[in-house]
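To keep things clear, I will list the structure first and then write my remarks on it.
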Amino acid sequence: MNLLLKKSASKGEKSGVTFMNGKVRFQGVSLNVYSFAVDGILIDTGAQSLKKYFEAFIDEVDFHQVMLTHFHEDHTGCAAYAAKSTQHPIYLNQKSIQSCSQKADYPLYRQLFWGRRKPFLAEPIPETFTSNTATWDAIDTPGHAHDHKVFLSRETGQLFTGDLFVQERTKVVMTEESIPQITDSLQRVLTYDFEEIFCSHAGYVENGRVALSRKLDYLLSIQHDVITLHEKGESAHEICKKLFPKKYPIIKFSGGEWDSRHIVSSILRGQPKRENKDYYN
């Protein structure tokens, strides 16, 4: 199966941030992920399936600590290598330290794309930490994952957003994601002073604050539409067909773990159910 995967990577630099962007393609589905090195910090470690690229990046760049935005395997896949090869500390949200110290358990399609993350030991991320020349804030931003954090350099105003941004107009999300939580997290982040953002999938985002604001506006609009249609008596299935008519390849490929319906269901969880209408779990 691995022979059918097309893998590639590119290295670059932007505003003092060095990055590696690894890509995996399979049957019309293309995914990518970034690792960033800045001011003595490595932010996220890339995927095990792309270890040839990310391990070389880890060997090449200068850092003395690893900060992980969240536990997902495309962000933590080479954390075990970083720990073994450098002996530098790895920091992760306290909520995921125990699970990441054990063998990873996630669906086969994700193992196909991202490989199998090896266990690693991590320390809890403090609310603030320092790099070579800067003080940073680690900001809780749950929604995409329960343990998600973003990292802001107070000196440069650079914000490393993990999977909080990805794209402005979200069309599919994972089963456990929560749109209301993501909007809360976006509102929280936008109270901080920053301009540039570095996203773990979109890379450097020009006018990052504006882009995050547009994403927030979009998600608030989607929430409004879902609730309005729900109050008119439409089912989650009907709402999803109306708001998200397109079926994306990742929906079928992931066996439904990624789907537009999870956007609708996460918004409706806090709403009173109506009789005689089918709702997603």
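Readers should treat all values here as calculations from the given coordinates under stated rules, not as data from a laboratory. Computed from a prediction, not measured in an experiment: that's the story for all the values here. Using ideal geometry, Cβ is built from the backbone for each residue, glycine included, and neighbour counts are taken over all protein chains shown.
Test of understanding: given the chain, find the longest segment containing no trypsin sites (Lys or Arg not before Pro) that are in a DSSP loop and have at most 16 other Cβ atoms within 10 Å.
Between exposed loop sites, the widest span is 1-102.
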What percentages, rounded to whole numbers, describe P(r) for segment 118-182 computed over all alpha carbon pairs with 10 Å bin width beginning at zero? 18, 42, 31, 9
What is the projected area of the convex hull of the Cα atoms of the chain, averaged over all directions, in nm²? 14.4 nm²
Once Lys and Arg get +1 and Asp and Glu get -1 on their Cβ, which of 166, 197, 178 lies farthest toward the positive end of the dipole of segment 156-197? 178
Determine the shape class of segment 130-281: with a ≥ b ≥ c the square roots of the Cα gyration tensor eigenvalues, call it rounded for a/c under 1.5, and otherwise prolate if a/b is greater than b/c, oblate otherwise. prolate
XL table 14/52; 149/247; 52/84; 6/51; 95/171; 51/84; Cα-Cα > 21 Å flagged, in table order, is 14/52; 149/247; 95/171
Contact order normalised by length for segment 60-145, with contacts defined as Cα pairs under 8 Å and 6 or more residues apart; what percent is it? 29 percent
Using the Karplus equation 6.51 cos²θ - 1.76 cosθ + 1.60 (θ = phi - 60°), what ³J(HN,Hα) coupling, rounded to whole Hz, does each residue of segment 174-186 give in order, writing x for Gly and Pro? 7, 3, 8, 6, 10, 5, x, 5, 5, 5, 4, 5, 4
